[in-house]
Amino acid sequence: MLARLVYLDQCLTWRGQVNRKDLIERFGISSPQAAIDFREYLERVAEPKPGYDTVRKCYVANCEHVGLPFPHDTGSPDELIAGAAGDDFSRLPSPVRQCPPFIMRQLYQAIEQQLKIEFDYVSMSSGLRQNQWIAPAHFASDGERLHVRAWSFHHQEWRDYLPIRVLPESSFITEPIDEALPRDTDWEDLIEIRLRPLSGLSEAQKAAVRLEYGFTEDVLSFQVRKSLEFYFERRWGLNRPGARLERC
């Protein structure tokens, strides 16, 4: 039942309304069970409680809606709105970044067993197919793609590799790592990234940016690994035309 109560709260938080049909269609429950869930929700929800609109035949959130008195994920507003809005909602497609399970297993097991592994890799900088030995150590995500952090015996440095660019016909031969690897200081070191509205914006624009990005202080502050700094700047669109934020 808890999941259904949370769903009711998400609908009232983001859409401002919910009815019994929403609950029935989402969870495949009966109408009597949905009625029980609504009664339970109305008993638990904090004041001001949602009211029933007899014309629209749904519960409507008060403008000062607080919700359930325990922490939970309020979810993504676009998912809830899209489900109810039909043709009134449109969303651009996101690229589906592939991550082959077979290759992931080879890399994961090499990390777990502390082995080096041989594979063929397509370089996007040179366009060439390169045979390499690497010692994979960690996985990381830039929010869109999964990377493996590894020591490259060919380049003699720590690098990020994309599993999708590992060719499946690679040998995947593994061997023990017979030498001490250098410290990956870029992975180990955490840096603070502080963001503020772009200096060239007007005060009204800066206020709008602070509201959009949820500023609670003068700056937004994040701690990230040094090795992920490049991906952070790219994902947040810093130093690009149309940027609204800059580092400080």
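Things worth noting here:
- For Ser141, the solvent-accessible surface computed with a 1.4 Å probe is close to 70 Å², ligands and nucleic acids excluded.
- Of all lysines in the structure, the ones whose alpha carbon falls short of 22 Å from that of Lys57, not counting any fewer than 8 places away in one chain, are Lys21, Lys49.
- Theoretical ellipticity at 222 nm over the chain - DSSP helices of four or more residues, -39500 (n - 2.57) apiece, nearest 500: -9000 deg cm²/dmol
- Each Lys and Arg adds +1 at its Cβ and each Asp and Glu adds -1 at its Cβ; summed about the Cα centre, the stretch 125-248 shows a dipole of about 540 debye.
- Percent accessible area from carbon and sulfur atoms, the stretch 110-178, protein chains only, probe 1.4 Å: 48 percent
- Potential lengthening between Glu169 and Ser31 on full extension [0.36 nm per residue; Cα-Cα distance subtracted]: 44.3 nm
- Spacing of the two label points (7 Å from each Cα toward its C-beta) at Glu212 and Glu192, in nm: 2.6 nm
- Summary of the geometry: the stretch 189-248 and the stretch 126-161, compared by the centres of their Cα atoms, lie 28 Å apart.
- Modelled spin labels at Ser126 and Arg39, positioned 7 Å past Cα toward Cβ, are 7.2 nm from each other.
- Rh (Kirkwood; distinct C-alpha pairs) - the stretch 122-238, Å: 17.2 Å
- Between Arg105 and Glu229, residue separation times 0.36 nm minus the direct Cα-Cα distance comes to 42.0 nm.
- Solvent-accessible heavy-atom area per residue, rounded to whole Å², over the stretch 147-248 at 1.4 Å: 63 Å²
- Placing dummy labels 7 Å off each Cα toward the beta-carbon, the span from Glu179 to Arg240 is 3.8 nm.
- Electrostatic dipole magnitude of the chain [Cβ: Lys, Arg +1; Asp, Glu -1; Cα centre; debye, to 20]: 640 debye
- Residue ranking by accessible heavy-atom surface, 1.4 Å probe, largest first, among His147, His65 comes out as His65, His147.
- In the stretch 204-248, taking the dipole from charged Cβ atoms about the Cα centre, the farthest positive-side position among Ser221, Phe232, Leu211 is held by Phe232.
- 19 Å Cα-Cα reach of Lys116 towards aspartates and glutamates, excluding residues that sit fewer than 8 places from it in its own chain: Glu157, Asp160, Glu169, Glu175, Asp178, Glu179, Asp184
- Under 5 Å from the amide H of Arg145 lies no amide H of any residue 5 or more positions distant or on a separate chain, with H modelled from the backbone and absent for Pro and chain starts.
- FRET efficiency, 1/(1 + (r/R0)^6) with R0 25 Å, evaluated for Glu112 and Val219 via beta carbons: 0.05
- Signed unit charges on C-beta, dipole axis of the chain, positive-most listed residue His72, Ala46, Leu198: Ala46
- Cα-based convex hull volume of the chain per residue, rounded to whole Å³: 218 Å³
The values are calculated or read from the model by the stated rules, or taken from the named source; none is laboratory data. No experiment lies behind these values; they were computed from the predicted model shown. Cβ: placed from backbone, ideal geometry, glycine included. Neighbour counts: every protein chain shown. Please note that ligands, DNA and RNA were not included when accessible areas were found on the heavy atoms of the full protein model with its side chains. Shrake-Rupley method; radii C 1.70, N 1.55, O 1.52, S 1.80 Å.
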